[in-house]
1. Please state the shape class of region 302-344: rounded when a/c is under 1.5, otherwise prolate if a/b exceeds b/c and oblate if not, all from the C-alpha gyration tensor.
2. Given a 10 angstrom Cα cut-off, can you work out which residue in Ser323, Ser284, Ser394 is the most mobile in a GNM of the chain?
3. Could I have the simple spin-label model distance between Val81 and Ala37, label points 7 Å from Cα toward Cβ, reported in nm to one decimal?
4. Under 26 Å between C-alpha atoms is the cut-off here; go through the chain and count lysine pairs that meet it, provided they're at least eight residues apart or on different chains.
5. From the phi of every residue in region 398-413, what ³J(HN,Hα) in whole Hz does the Karplus formula 6.51 cos²θ - 1.76 cosθ + 1.60 yield, where θ is phi - 60° and glycine or proline is x?
6. For a protection proxy built on the mean count of beta-carbon atoms within 10 angstrom, sort 324-331, 140-147, 26-33 highest first, please.
7. Divide by every residue of the chain the summed helix terms, -39500 (n - 2.57) for each DSSP H run of at least 4, and state the resulting mean residue ellipticity at 222 nm, rounded to the nearest 500 deg cm²/dmol.
8. How large is the charge dipole for region 269-413, taken about the Cα centre, if only the Cβ atoms of Lys, Arg (+1) and Asp, Glu (-1) carry charge, to the nearest 20 debye?
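Bear in mind these aren't lab numbers, they're just calculated from the coordinates by the rules spelled out. Everything numeric here is computed off the predicted structure, so don't read it as measured data. Every residue, glycine as well, gets a Cβ built from its backbone with ideal geometry; the counts of neighbours run over all protein chains shown.
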Amino acid sequence: MPQLQSAFGVVALLLIAWALSENRRAVSPRQAALGLAVTLITAVVLLKMPMVARAFGAINDAVGAVASASRAGTSFVFGYVGGGALPFDLKAPGADFVLAFQALPIVLVMSVLTTLLFYWRILPPIVRGMAWVLERTLGVGGAVGLSTAANIFLGMVEAPLFIRPYLAQMTRAELFLVMTGGMAGTVLVLYATLLAPLIPDAAAHFVIASVLGAPAAILVSLIMVPETSKELTGGALTDPEMDASSTMDAIVKGTSAGLELLLTIIAMLIVLVALVHLANSILSLLPPIGGADISLQRLLGLVMAPVCWLMGLPWQEAVTAGSLMGTKTVLNELIAYVELSKLAPGALDPRSRLIMLYAMCGFANFGSLGIMIGGLGTMAPSRREEINALGLKSIVSGTLTTCLMGAIVGLLT
């Protein structure tokens with residue numbers, strides 16, 4: 001049964017994390033079992049309880065409202081290029097969609113909304129509540145719990161800002177947990193907009209993935225870099241001061257931060273797609289294999305195919321899914337989601353598409369590593385060398401975290 005295959009994958013992925021652990025003897029079986037139990041219970045509650053499922057179903061309406069608001073702004077500024085009415089007859093379906101002017105500007109709107117919700121003190125109690133739950137259930141320090149909880153709403157650099165004063169005194173395990181939590185984060189509204197036509201309730205699943213990523217990241221992180229010293233960042237935490245002086249100031253600062261993120265995403269997409277094209281051009285000079293040219297996607301598909309099989313995908317779909325995972329890891333998850341949205345209808349069955357939604361829901365890639373090292377290194381200069389040393393390991397832990405979520409979803413569907 002596919003569910004048994006996914007169950008085997010859950011165990012196998014945790015064993016891979018243990019095999020890569022810095023100190024296998026220091027891994028606490030009790031803490032690992034508790035972390036797995038909390039992750040599984042969270043997944044069951046979010047995916048299987050009808051009342052919770054209906055509540056999360058309302059997320060689709062909220063995402064639709066944000067997408068419509070963003071489309072109103074882009075169509076006003078960019079006209080039909082931004083999603084407005086076309087002044088001509090459309091010849092090819094989908095040819096009117098321009099990623100940079102229609103989908104990506106949602107980042108601007110979400111940046112402003114997040115800034116406003118923090119300025120109005122709506123999000124801080126929610127984040128602190130999540131931190132309290134993680135501290136009581138999984139035994140992590142308050143600062144680490146707060147950062148991990150904040151990653152549900154914020155990016156890999158924004159979330160650690162909540163605990164900036166604590167970064168310098170964190171243990172190695174806690175610092176790695178912060179990095180793993182960042183690598184398991186996501187920009188759910190943007191991705192939900194891309195996959196809404198392919199996966200029912202895509203927005204709700206991205207929200208579930210964001211919440212499920214918190215205990216899963218803690219579980220994988222504490223296996224790969226177990227705690228060997230007394231935690232120094234527990235205890236009560238005070239809410240961070242908001243530097244905005246008014247609602248309008250929050251809007252301006254949220255827009256500026258969102259613009260920087262938007263331009264970075266666009267620039268990285270241009271560069272990375274160009275590099276992939278160059279790499280494939282070079283590989284195409286080699287003799288064809290199986291009647292087709294060698295490409296980076298094919299090579300990555302072969303490497304990641306066994307991992308996708310462990311998550312519960314049929315082997316005949318594993319290479320296609322592996323190519324998506326490889327693209328997500330080497331390039332970024334946005335390119336992988338775009339490729340997923342362009343797959344032929346029969347390339348992946350509905351269950352496999354859902355598993356891949358969760359498996360690719362994270363920032364674990366080399367571009368994000370540069371952003372994280374730069375951000376955390378600036379916030380905690382005294383720990384820069386250790387942050388750099390943990391960088392590549394955090395990509396592995398972030399990837400294992402999202403793959404673990406995919407396997408758990410496969411177990412429950």
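1. Working: a/c = 2.38, a/b = 1.44, b/c = 1.65.
Oblate, because a/c is 1.5 or more while a/b does not exceed b/c.
2. Ser284
3. It works out to 5.8 nm between the two label points.
4. Details: Lys91/Lys342; Lys230/Lys393; Lys328/Lys342; Lys328/Lys393.
Close lysine pairs under the 26 Å cut-off: 4.
5. For region 398-413, the Karplus curve yields x, 5, 4, 5, 5, 5, 4, 4, x, 5, 5, 4, x, 5, 9, 10 Hz.
6. On the way: 324-331: 24.5, 140-147: 27.5, 26-33: 13.4.
Top of the packing list down: 140-147, 324-331, 26-33.
7. On the way: 18 runs with 288 residues, N = 413.
Result for the chain, helices only: -23000 deg cm²/dmol.
8. On the way: 8 positive and 7 negative charges, 28 e Å.
So the magnitude is around 140 debye.
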